[in-house]
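Input: a single structure, listed below in structure tokens.
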Amino acid sequence: MNVIVCVKQIPDPALPGELDPSTNTLKRDGKLILDESDSYGVEMALQLVNTAGDGSVTLVSMAPNDEVSGLRTALAMGAEKAVLVSDLALAGADALTTAKVLAGAIGRAGDFDLVIAGTESSDGYTGTVPEQIAEVLGLPSVGFAKTITVDGGTVKVDRQTEAGYDEVTCTLPAVVSVTAGVVEPRYPSFKGIMAAKGKPVDTVTAADLGIEAVSWAQQITSVDDAPAREAGEVIEDDGETFNKIVEFLDGLKVI
Amino acid sequence: MTLNNIWVFAQADGDTASTATLELLSKANTLGGSVTAFVAGSAGGAAAAFADHGAAKIYETGDLAGSLPGPAVSSAMQAVISGGDAPDVIMFPQNYEGRDVMARLSVKLDRTVLTNSTDITVDGDSVRVQTPIFGGSKLVNSTFTGERPFLAAFRPKSFEAAGGAGAAGEVVSAAAGELGATGGATVTAVHVEETSGPKLDEAAVVVGGGRGLGDAEKYDMIETLAKLLKGAPGASRAIVDAGWVPYSYQVGQTGKVVKPTVYIAAGISGATQHMVGMKGSKNIIAINKDKEAR
Ligand SMILES: Cc1cc2nc3c(=O)[nH]c(=O)nc-3n(C[C@H](O)[C@H](O)[C@H](O)COP(=O)(O)OP(=O)(O)OC[C@H]3O[C@@H](n4cnc5c(N)ncnc54)[C@H](O)[C@@H]3O)c2cc1C
Ligand SMILES: Cc1cc2nc3c(=O)[nH]c(=O)nc-3n(C[C@H](O)[C@H](O)[C@H](O)COP(=O)(O)OP(=O)(O)OC[C@H]3O[C@@H](n4cnc5c(N)ncnc54)[C@H](O)[C@@H]3O)c2cc1C
């Protein structure tokens with residue numbers, strides 16, 4: 001059972017995001033970390049390979065400046081190797097270009113039974129990349145998985161829906177995107193962190209993947225400040241504040 | 001050239017049109033072109049509502065026989081487009097099915113996608129969408145620069161649903177082509193979580209609970225209060241992930257968008273991803289031990 005996991009390396013979401021004033025795209029020149037949304041996919045892949053008893057987990061990522069910090073975190077969790085696409089020409093790429101590039105990287109990563117991605121990334125959250133990768137590769141896909149079990153040539157997925165969940169059966173190979181909370185990601189052990197330093201990362205450009213001209217048909221024309229909401233009133237609870245809430249709700253005629 | 005032909009990816013639950021679809025049709029109907037609803041499955045009794053909200057034509061794929069809509073509907077759309085009925089813009093709801101269909105179609109047609117938008121404007125030849133980022137503190141304006149059709153996805157509740165359009169709503173069948181391996185996923189069972197009271201995204205009062213409640217049992221207080229106020233209980237993702245309540249309770253970027261008269265947030269920190277799901281509420285009451293919670 002070989003599983004490929006798409007892992008995005010993103011600016012630390014705990015820090016305030018910043019736009020590049022010349023392009024209006026998100027600044028990605030600082031240190032990048034493993035998107036937490038993808039740590040679930042890495043854990044899921046490790047568990048599936050472990051259950052199968054053979055195979056390996058390979059990572060694919062597209063990130064600027066040969067960034068490997070996030071990949072090292074996922075390698076330290078137990079993934080075996082990685083393909084990293086790093087290319088100045090891809091700065092500011094749209095989701096479709098990203099999907100084409102990742103599909104190329106998946107092709108380079110070797111034979112696989114399953115590709116796992118996050119349902120949406122923390123920084124761009126278009127939520128389209130996994131399904132686009134599947135279409136580029138001509139594969140079926142199931143989004144929003146909250147459980148995954150592999151059974152011979154098929155994968156069974158409980159797919160979250162707006163009203164509950166669906167049970168879905170899908171032929172392999174396939175692309176499955178997972179939600180947060182699908183599994184509890186492990187913390188890399190000290191041994192894992194040391195081992196990760198020596199694991200292979202195959203760093204390539206778009207041209208190495210046979211992707212020549214890259215361009216995208218969208219342009220950010222301007223960025224406005226949103227109208228600010230008025231600051232609210234702060235009331236410290238003196239044990240009687242519920243009366244004020246009741247009064248407020250009464251004023252709004254909801255009680 | 002203005003917009004002559006606008007498509008909306010349309011959804012219905014049995015004979016009931018989805019609210020998100022009606023919102024998009026209503027907006028499309030103000031953009032100046034003719035409006036088409038493209039239905040995953042059969043339009044059935046929902047056709048009347050689609051027409052009432054502006055759909056002059058309704059394409060329906062027919063029963064999808066358990067296959068997920070992404071490959072099937074995008075294939076049907078591609079077939080109609082190559083048959084000569086080519087839209088200028090296709091509007092999708094930013095929900096599971098909407099984005100799966102849009103993603104597949106974007107590859108088939110080699111078109112970029114603009115997502116998570118809350119507005120669309122047509123200005124001569126250019127089509128611009130607006131997208132809130134950084135928890136809604138900034139609004140990004142983007143235009144499509146390539147060939148049509150333009151593919152755009154909008155967050156629920158971005159537009160008002162307005163009936164009374166009295167459009168023809170002519171139903172035309174549009175079958176999917178051969179899906180090959182891409183059609184390998186089949187739904188074998190559907191589970192719907194039972195809820196009583198008003199729907200979360202339609203309730204006038206929403207009481208949201210977060211990690212600050214302390215533990216899962218405390219969520220009973222949220223349910224009780226919601227019931228007393230004839231509202232719906234909601235939740236932050238933190239407690240959905242922790243398994244306290246089902247995903248269908250989640251408010252936010254990856255959950256439901258709510259716009260009630262009153263939103264009561266109990267023990268919720270107000271992370272940007274939560275805020276995008278409830279900042280349209282008319283009044284917000286936050287109960288928190290941290291004065292600085294947003
Ligand atoms: C605020 C903001 C809004 C944006 N809006 C749009 C938009 O509307 N349309 C558009 O085309 N682009 C948009 N972008 C650009 C978009 O984020 C990038 O194209 C990005 O490379 C891929 O999209 P995503 O992160 O949205 O992917 P998603 O589809 O949200 O990601 C889902 C999963 O795909 C995998 N994945 C995604 N990117 C990578 C990667 N680089 N390496 C490895 N795995 C990856 C991960 O497993 C991830 O969890 C936006 C960017 C920002 C910062
Ligand atoms: C890609 C992505 C998508 C996401 N989508 C969503 C989404 O759709 N919806 C969503 O909600 N989140 C979403 N999140 C998660 C979000 O970033 C936050 O992690 C989450 O909203 C936090 O939930 P919380 O407020 O319950 O918990 P916390 O942030 O832990 O906040 C708990 C709050 O309770 C308060 N508190 C503690 N004790 C008490 C007490 N005794 N009395 C009163 N107050 C108390 C604390 O002061 C704090 O403000 C997403 C994240 C990512 C990366």
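The values are calculated or read from the model by the stated rules, or taken from the named source; none is laboratory data. Model, not experiment: these values are computed from the prediction. With ideal geometry, Cβ positions are generated from the backbone for all residues, glycine too; neighbour counts draw on all protein chains shown. What goes into the accessible areas is simple: the full protein's heavy atoms, side chains included, and nothing from ligands, DNA or RNA. Shrake-Rupley method; radii C 1.70, N 1.55, O 1.52, S 1.80 Å.
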request  = Whole Å is fine, so just give me how far the alpha carbon centre of the range B:90-168 lies from that of the range B:231-270.
outcome  = 25
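Compute the orientation-averaged projected area for the range B:158-294 from the convex hull of its Cα atoms and round it to one decimal in nm².
Working: hull surface 49.5 nm².
Taking the Cα atoms of the range B:158-294, their convex hull projects to 12.4 nm² on average.
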ask   = Within 10 Å of each Cβ of B:92-103, how many other protein chain Cβ atoms are there on average?
value = 5
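Chain A: percent of C-alpha pairs farther apart than 32 Å?
On the way: 10277 of 32385 pairs.
Tail fraction, whole percent: 32.
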key: Straight-distance crosslink candidates among aspartates and glutamates, where the alpha carbon sits under 14 Å from A:LYS197 and sequence neighbours closer than 8 are dropped   = A:GLU67, A:GLU80
query = Given q = 0.14, 0.25 Å⁻¹, what are the Debye log10 I(q)/I(0) values for the range A:112-167, with equal point scatterers placed on the Cα positions and solvent ignored?
reply = -0.42, -1.16
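How many percent of Cα pairs in the range A:1-86 exceed 16 Å?
Tail fraction, whole percent: 53.
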message = What are the membrane-span-like helices in chain A by this rule: whole DSSP H runs, Cα extent along the axis at least 27 Å, mean Kyte-Doolittle hydropathy at least 0.5?
response = none
query = Cα atoms only, the range A:197-255: Rg and Dmax in Å?
reply = 28.2, 69
query = So if we plug the beta-carbon distance of B:ASP13 and B:LEU179 into 1/(1 + (r/R0)^6) with R0 = 25 Å, what FRET efficiency do we get, rounded to 0.05?
reply = 0.60
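Find the Cα radius of gyration of the range B:18-126, compare it with 2.2 N^0.38 Å by division, and give the number to two decimals.
Numbers: Rg = 13.5 Å, N = 109, 2.2 N^0.38 = 13.1 Å.
For the range B:18-126, the normalised Cα radius of gyration is 1.03.
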task = Starting from the amide H of B:LYS138, placed 1.01 Å from N in the peptide plane, find each other amide H under 5 Å away whose residue is 5 or more places distant or on another chain.
result = A:ALA226, B:ILE133
request  = Could you work out the longest stretch of chain A that avoids the trypsin sites (Lys or Arg not before Pro) located in DSSP loops with at most 13 other Cβ atoms within 10 Å?
outcome  = A:32-196
request  = Principal axes first, then extents: for the Cα atoms of the range B:85-175, list largest minus smallest coordinate on each axis, whole Å, largest first.
outcome  = 42, 35, 32
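Translational diffusion coefficient of the range A:37-130 at 37 °C, 0.692 mPa s, Stokes-Einstein with Kirkwood Rh over Cα pairs, in µm²/s as a whole number. Write down the numbers at each step before the final one.
Numbers: Rh = 13.9 Å.
Estimated via Stokes-Einstein, D reaches 236 µm²/s.
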task = First obtain the Kirkwood hydrodynamic radius of the range A:7-50 from its Cα pairs, then insert it into the Stokes-Einstein equation at 20 °C and 1.002 mPa s, and state the resulting D in µm² per second as a whole number.
result = 177
ask   = For B:THR254, what accessible area in Å² do you get when you roll a 1.4 Å probe over the heavy atoms of the protein chains, rounding to the nearest 10?
value = 30
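Just tell me how shielded A:91-100 is by partners: mean number of partner chain Cβ atoms within 10 Å of each residue's Cβ, no decimals.
Values: counts 0, 0, 0, 5, 6, 9, 1, 0, 3, 2.
The mean count of partner-chain Cβ atoms within 10 Å per residue comes to 3.
How large is Rg/Rh for the protein assembly as shown, to two decimals, with Cα atoms and a Kirkwood Rh? Can you show the working numbers first?
Working: Rg = 23.2 Å, Rh = 24.3 Å.
Using Cα coordinates only, the ratio equals 0.96.
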inquiry  = If you filter the range A:186-255 for GluC sites (Glu not before Pro), then keep DSSP loop positions with at most 10 other Cβ within 10 Å, what is left?
reply    = A:GLU212, A:GLU230, A:GLU233, A:GLU236, A:GLU240
remark   = Straight-line reach check, A:LYS253, cutoff 19 Å on alpha carbons, 8 or more apart in-chain or any other chain, hits among aspartates and glutamates -> B:GLU202
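Carbon and sulfur atoms: what percent of the 1.4 Å accessible area of the protein assembly as shown do they account for? Kindly include the intermediate steps, with their values, before the conclusion.
Numbers: 12110 of 23880 Å².
Carbon with sulfur: 51 percent of the solvent-accessible area.
Note down, for the range B:144-202, the three equivalent ellipsoid semi-axes (square root of 5 times each alpha carbon gyration tensor eigenvalue), biggest first, whole angstrom. Provide the component values of the computation, followed by the final result.
On the way: eigenvalues 155, 138, 60 Å².
Result for the range B:144-202: semi-axes of 28, 26, 17 Å.
Rounded if a/c is under 1.5, else prolate if a/b beats b/c, else oblate: with a ≥ b ≥ c from the C-alpha gyration tensor eigenvalues square-rooted, which is the range A:130-221? The partial results should precede the final answer.
Numbers: a/c = 1.74, a/b = 1.12, b/c = 1.55.
Oblate.
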request  = Among the lysines, select those whose C-alpha is under 17 Å from the C-alpha of A:LYS199, and discard any that sit fewer than 8 residues away in the same chain.
outcome  = A:LYS81, A:LYS191
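Given A:LYS8/B:LYS157; A:LYS244/B:LYS282; A:LYS146/B:LYS230; B:LYS230/B:LYS289, which pairs have Cα atoms separated by over 20 Å? Intermediate results must be reported in sequence, preceding the final value.
Numbers: A:LYS8/B:LYS157 30 Å; A:LYS244/B:LYS282 18 Å; A:LYS146/B:LYS230 31 Å; B:LYS230/B:LYS289 26 Å.
Among A:LYS8/B:LYS157; A:LYS244/B:LYS282; A:LYS146/B:LYS230; B:LYS230/B:LYS289, the Cα-Cα distance tops 20 Å for A:LYS8/B:LYS157; A:LYS146/B:LYS230; B:LYS230/B:LYS289.
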message = Rolling a 1.4 angstrom probe over the protein chains, ignoring ligands and nucleic acids, what is the accessible area of B:SER173 in square angstrom, nearest 10?
response = 100
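Output the relative contact order of chain A, whole-number percent, from Cα pairs under 8 angstrom with separation of 6+ residues.
Numbers: 485 pairs, mean separation 56.9, N = 255.
Worked out over chain A, it gives 22 percent.
How well do other chains shield peptide B:130-142, expressed as the mean number of their Cβ atoms within 10 Å of each residue Cβ?
What the average comes to for B:130-142 is 5.
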task = Kindly compute the accessible surface that chains B and A hide from a 1.4 Å probe when together, both sides summed, and give it to the nearest 100 Å².
result = 5600
request  = Ratio to report: Rg/Rh of chain B, with Cα atoms as the point set and Rh obtained by the Kirkwood method; give two decimals.
outcome  = 0.99
